[in-house]
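Have a look at the structure below before the remarks.
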Amino acid sequence: MFSLEIACAAADRDLLIADLWELGSAGIVELDERRVRAFFEEEAGREELAARYPGAAVRSEAERDWVEAAREKLPPMLVGERFFLVPEWRDDPTPTGRFRIDVNPGMAFGTGFHETTQLCIEALERYLEPGMTLLDVGTGSGILARAGELLGGGPVFACDIDPMAVEVARRHVQRVFVGSADAVRSGTAGVVVANISPETIVALAPDLLRVLEPDGTVLVSGFERHQVEMVCAVLPRVREVRVKGEWALAAAG
């Protein structure tokens, strides 16, 4: 068995982890916001993986259950006032008054263990009222759409340009399609949530705003503190900006 220690930008961490799982990693440990260590069996191919991640530090490892070791580092998490996010392999009881969402870290972006997903869930608690239509753009694992359903939103729609993400999201929510906000009718949603890259937010801003109902709210995250000004520049009537660690969310509309 061997491992790779890989450095990455904080914004790319979750995509890197998803890629490593897809490549057959036996376990992944997040060393900090910008470094991960991924473990592989020898048959995975040291040279090929080292070439795929230039600059990664490769070392031999003692045999052990790295899947279990990695899982031990992912405890259940209380998010916002009403949610309890739990890795799907755990059977921890749900606290009274909390909605339970089972997650599979590594399957697609948006497991609840990243600050931006937490910011979005907390914002949905504030802005999504029962009966409001919700559109989740770039749904990833579908957790935000599922949170919207549990909060009483309806109907709830989700989309992603990645067919694999859509397949994963269908485990959480029914109305999921391959595509983006440009495929949605104008004035459809009371709340639009998009946990995506800042560059994509800027590019999609006209459509994110177009699909809002009058007086609707768009919630965007996936960007760091230093990118707040860039994101808010394309949004009218910014209501608030919230931060968690180095990450931020803006509510506008």
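The values are calculated or read from the model by the stated rules, or taken from the named source; none is laboratory data. Just so it is clear, the structure is predicted and the values come from calculations on it, not from any experiment. Heads up, the Cβs are rebuilt from the backbone with ideal geometry, glycines too, and the neighbour counts pull from every protein chain shown.
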Out of the residues in segment 147-165 meeting the condition of being in a helix (DSSP H, G or I) and at pLDDT 95 or above, tell me which one is nearest to the chain's Cα centre (by Cα). 147
Looking at (1) at pLDDT 90 or above; (2) exposed (fewer than 14 other Cβ atoms within 10 Å of the Cβ), can you tell me which one residue 64 breaks? (1)
Do we find that residue 187 is at positive phi and in contact with a strand residue (DSSP E or B) (Cβ under 7 Å, 6 or more places away or on another chain) in this structure? yes
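Which of the following residues is without any contact (Cβ under 8 Å) to a residue 40 or more places away in the chain, outside the structural domain of residue 32 (by TED's automatic domain parsing), charged (D, E, K, R) and under 20 Å from residue 131 (Cα atoms): 215, 182, 207? I'd like the intermediate steps shown before the answer.
Values: 182 fails: under 20 Å from residue 131 (Cα atoms); 207 fails: under 20 Å from residue 131 (Cα atoms).
When all the criteria are applied, what remains is 215.
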Select, from 56, 26, the only residue that is at pLDDT 80 or above, buried (at least 17 other Cβ atoms within 10 Å of the Cβ) and more than 23 Å from residue 141 (Cα to Cα). 56
Unmet criterion (only one of (1) surrounded by fewer than 14 Cβ atoms within 10 Å (Cβ to Cβ); (2) modelled with pLDDT under 95; (3) part of a helix (DSSP H, G or I)) for residue 168: (1)
Quick one: which strands (runs of 3 or more DSSP E) sit completely within segment 175-252 and have at least 1 residues that are of a type outside the set (A, V, I, L, M, F, W, C), out of contact with any helix residue (DSSP H, G or I) (no Cβ under 7 Å at 6 or more places or on another chain) and farther than 22 Å from residue 122 by Cα? 212-224
Could you list all residues from segment 152-165 that are surrounded by fewer than 23 Cβ atoms within 10 Å (Cβ to Cβ) and touching a helix residue (DSSP H, G or I) at 6+ places or on another chain (Cβ under 6 Å)? none
Within segment 225-248, does at least one residue satisfy the condition of being within 20 Å of residue 149 (Cβ to Cβ) and either among the polar types (S, T, N, Q) or not assigned by TED's automatic domain parsing to the domain that holds residue 147 (or both)? no
